[in-house]
Amino acid sequence: MADPVRFAALGLDHRHMFGMAQGMIDAGCEFVSFWTEGEPQPLAGFTKRFPDVPREDELSAIWNDPTIPLVLIACPPDQRADLAIQAMRNGKDVMLDKPGCVTLAELKRIREVVAETGRIWSIDFSERFEVPAVTKAAALVREGVIGTVLQTVGLGPHRLNKHMRPDWFFEEKQYGGILGDIASHQIDQFLFLTGKETAEIRHAAVGNFGNPDNPRFQDFGELNLVSGNAQAYIRLDWFTPDALPNWGDGRLFILGTQGYIELRKYVDVCGRDGTDHLYLVTNDRCEYIDCHEEELPYFRLLAEDVRNRTETACPQKHAFIVTELALKGQEMAERRGYLAD
């Protein structure tokens, strides 16, 4: 049996690092160490969850350790490109929290460094990679159960928890804007489920409708994509009400020529307990499928890619295209509400 892939975490500024690290541990990898700047708010929870992982005072300790081939990054979004580039030039493969970068200029530099170094630049699209219901939905689509996919509707509501957010969270240039940030999830799922390589943006809009005191924060966004005969509608927001028992009622609807699938990823409001609910309707089936025990293959496949220099977890071109579409949508978006110029 091959030795476990050893990894380190860089930047604990977002709680998404918890799922990223746990996914690699569950895939049999070894969490060696972490580095972060200062004392970000998620640090206390992180050290409680991973109490035996030591903190490095200097990044050089990780760069200089040849037994660590993979680093996970969840620093503030506007710092991720530079840190990932530094990691790749130090011989490390990279998994990032989304967004992987916040400008098209940064993405261009990342593409150049990937070509230069041959390292892996992967983004944990957690709304697919950490959701067992999407694993099951993808299998049903591949089996042809609903025919050819014509449209996806992806809804990404989030709870704001405004009092807990750092200053960078409210600055578009630092967090990337709502499309540059969250829309990457739904773009990824659209391309993956339709089998399309890329898409055209037909409409994009962002708005601030509930946070006039933070005029550079966007609490609403929408995007329309078209690729061949397939299309997507994407809606994102920060308006999850307090009574919901989790951070957001994420939904995915997949319309095919012979049926449809609805995913209630994180909660079934006034319905079944737990997560990962799938509803399938075809000409001969109308049923509910509990998906919470489905595999999450991304982390296992990424570890294999690190070992074998393959692209089985998420093709490099796909990660680039998803990021590019999200950034282009953000750049061209109509601006509404209380947004500052």
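The values are calculated or read from the model by the stated rules, or taken from the named source; none is laboratory data. Quick caveat: nothing in here was measured; it's all calculated off a predicted structure. Heads up, the Cβs are rebuilt from the backbone with ideal geometry, glycines too, and the neighbour counts pull from every protein chain shown.
Residues that are touching a strand residue (DSSP E or B) at 6+ places or on another chain (Cβ under 8 Å) number at least 1 in the following helices (runs of 4 or more DSSP H) confined to the range 113-210: 126-129, 132-142, 177-181, 183-194.
Looking across R285, R251, one residue alone is surrounded by fewer than 20 Cβ atoms within 10 Å (Cβ to Cβ), touching a strand residue (DSSP E or B) at 6+ places or on another chain (Cβ under 8 Å), closer than 15 Å to Q186 by Cβ and at pLDDT 95 or above. It is R251. For the range 221-263, a residue qualifies if it is assigned to a strand (DSSP E or B), out of contact with any Ser or Thr (no Cβ under 7 Å at 6 or more places or on another chain) and without any contact (Cβ under 8 Å) to a residue 40 or more places away in the chain, and the qualifying residues are E222, N224, V226, E262.
Among residues of the range 113-166 being over 26 Å from F18 (Cβ atoms) and charged (D, E, K, R), the one that is surrounded by the fewest Cβ atoms within 10 Å (Cβ to Cβ) is E143.
Count of the range 87-107 residues, restricted to those that are crowded, with 17+ Cβ neighbours inside 10 Å, out of contact with any Lys or Arg (no Cβ under 6 Å at 6 or more places or on another chain) and free of Cβ contacts under 8 Å to residues at least 40 places away in the same chain, is 4. Take the conditions (1) surrounded by fewer than 19 Cβ atoms within 10 Å (Cβ to Cβ); (2) touching an Asp or Glu at 6+ places or on another chain (Cβ under 6 Å); T67 misses just one of them, which is (2).
Among the residues of the range 267-284, those identified as touching a residue at least 60 places away in the same chain (Cβ under 8 Å) and not in a strand (DSSP E or B) are T275, D276.
Can you name the residue in the range 112-130 that is out of contact with any Lys or Arg (no Cβ under 9 Å at 6 or more places or on another chain) and not acidic (D, E) and, of all such residues, is farthest from L301 (Cα to Cα)?
Taking the range 112-130 as the starting set, the residues that turn out to be out of contact with any Lys or Arg (no Cβ under 9 Å at 6 or more places or on another chain) are 112, 114-115, 122, 128-130.
With not acidic (D, E) added as a condition, the list becomes 114-115, 122, 128-129.
Working: V114: 19, A115: 21, S122: 12, R128: 14, F129: 11 Å.
The qualifying residue farthest from L301 (Cα to Cα) is A115.
Could you please find all residues in the range 312-341 being free of Cβ contacts under 8 Å to residues at least 12 places away in the same chain and either crowded, with 17+ Cβ neighbours inside 10 Å or over 17 Å from L193 (Cβ atoms) (or both)?
Within the range 312-341, T312, D341 meet the criteria.
Residues considered: D26, D3, D13, D52. Of these, the only one that is in contact (Cβ under 8 Å) with a residue 60 or more places away in the chain, of a type in the set (D, E, K, R) and surrounded by fewer than 18 Cβ atoms within 10 Å (Cβ to Cβ) is D26.
Considered as a group, the residues in the range 180-230 that are over 21 Å from R251 (Cα atoms) and among the aromatic types (F, W, Y) include one that is surrounded by the fewest Cβ atoms within 10 Å (Cβ to Cβ), and that residue is F209.
For every residue, the table says whether it meets (1) more than 23 Å from A303 (Cβ to Cβ); (2) among the aliphatic types (A, V, I, L, M); (3) outside the structural domain of F253 (by TED's automatic domain parsing).
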position: L83; (1), (2), (3): no, yes, yes
position: K92; (1), (2), (3): no, no, yes
position: K98; (1), (2), (3): no, no, yes
position: E106; (1), (2), (3): yes, no, yes
position: V141; (1), (2), (3): yes, yes, no
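When each of K108, K98 is tested for being part of a loop (DSSP other than H, G, I, E, B) and charged (D, E, K, R), the lone residue that passes is K98.
Within the range 269-307, the set of residues being closer than 30 Å to V94 by Cα and acidic (D, E) comprises D276, E293, E294, E295, E304, D305.
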